[in-house]
Structure formats: C-alpha cells, structure tokens
Amino acid sequence: MNLAALIGELLPQAVTIAISPIPIIAAVLMLLSPRARAVATAFLLGWVLGIAVAVVVVTVLSSFVPATDPDASKPVAGVVEIVLGVLLVLLAVHQWRARPAAGTTADPPGWMGAIDSMTPVKAAGLAFLLAAVNPKNLLMAVAAGVAVGTSGADPGSVVWALVVFVVIASLSIAVPVVGFLVAGERVARSLGTLRDWLTANNATIMAVLLLVIGVTTIGKGIGAF
C-alpha cells in the first residue's frame, strides 16, 4: 500500500479523535485559566505524546501478523476490524442514549472543576490519559495501528503515515492553543462560545461520529475475508 492510500485509511480515525469534544473543552478551559500559557502548552504536548504512543504501540504489535499477498484475504485483521466496529457502534448507542434531554445540558466531568489550579505536569498527564487511555480514542488508535501494521507498506511510508495521523488527531487541540499563544486575549470570547457549544452537543457529535466510523470499520473487516 502506498503512502497516499495509507493516509486515506487513517483519516476517519484521526478526524474522529480530533473532534472529540471533551478534550477540546478541557483545552479551552485551560486557556481561560490563570496559568493559561504554561498549562495549555503542557496539555497539548501530553495529548500529542498520548496519541503517538497509542498508535505506535498498536502498529508495532500488528506488524508481527504474518505478511500475506495484498490480494489475499486477511482474516486476522478482518476479525479485529469487525470487533472494533461493533464496539464503536455500541459506544455510539451509549453516547446517544446518554445525551441530555432537550433544554438541559450535561454536567461536565468532575475533574474540569480543578483546571484553574492545575499545574503543567498534571495538565500533561491528564492530556496523555485522555488521548491514550480514553476508550473512544483508544479504539480509534487501535483501528489505525492495525491498518498501518498490516498494510505491508515500507518503513518510510509507515513513519510518515503515523506522523500525519498524529498531526491531524492533534489539530483540534493545537489550533486553539497556538491561536491563544499568538493572539492572546483577542480569542478568549470565541473560546468561550466554542466551549459552550461543545458542552451542549458533546454526546450527539460523538454518537454520530462513532456510528459512522463503526459501520465503516465493520465493512472493511468483512471485506478483508
């Protein structure tokens, strides 16, 4: 598989990670906190590291699957993708059922209340956990890692594909953080609006995304046989 095709395989997973509302809300809250620059920068670095570690580990493990003819069936990869797809669909159903009733807003996670007093080290650790351990992001990283690890691509293409994956998956955190570092308080009002909208629509956004990616992943798994 060439680099362009490999990147195309990874785009849905990378975009799904990128637009996960909760990490974006956390980053925005940090940008509105007293230690905005230091804490938000650490959060961004922790996020990038978490995504990179998760997808690289899965890629390395998947590379041990015996190579096959590109046109031959890949039952192992197919089973993994079908299982991942089913899990994603189940998560989508859970997210949809957990969405707040009309006219109400879901309560944010308890740890968000501690953001104002958070240190850069704690911010980096939180970002790493949200990126690498959060079930939704972990499933996306597993799907991406399996796709890369079983692709049979040359090492150079694998490295570049993983770099592109991490960059795209980190854009939603990087853009507001870098924008704040450059423009400062001029973007504060926009960040507040973004936070409110994401908080209100978190469950719906993730339910739709997880359903689409889950069904697509199941289809790819079936096609691998």
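If each of Trp96 and Val159 carries a label point 7 Å out from its Cα toward its Cβ, how far apart are those two points in nm?
4.3 nm
I need the phi-derived Karplus couplings for the range 27-35: 6.51 cos²θ - 1.76 cosθ + 1.60, θ = phi - 60°, integer Hz, Gly and Pro marked x.
5, 5, 4, 5, 5, 9, 8, x, 10
Residue by residue through the range 163-177, which ³J(HN,Hα) values in whole Hz follow from phi under the Karplus form 6.51 cos²θ - 1.76 cosθ + 1.60 (θ = phi - 60°), with glycine and proline marked x?
Once rounded to whole Hz, the list reads 4, 4, 4, 5, 4, 5, 5, 9, 4, 5, 8, 5, 4, x, 5.
State, to one decimal in nm, how far the label point of Ala114 lies from the label point of Trp197, with both points 7 Å from Cα in the Cβ direction.
For Ala114 paired with Trp197, the spin-label model returns 3.1 nm.
Return the sequence-ordered ³J(HN,Hα) values of the range 115-120 in whole Hz as given by the Karplus equation 6.51 cos²θ - 1.76 cosθ + 1.60 applied to θ = phi - 60°, using x for Gly and Pro.
5, 4, 9, 6, 8, x
FYI, it's all coordinate maths here, none of it is from the lab. Note that the coordinates shown come from a computational prediction; the quantities given were computed from them, not determined experimentally. FYI the Cβ positions are ideal-geometry reconstructions off the backbone, even for glycines, and counts take in every protein chain you see.
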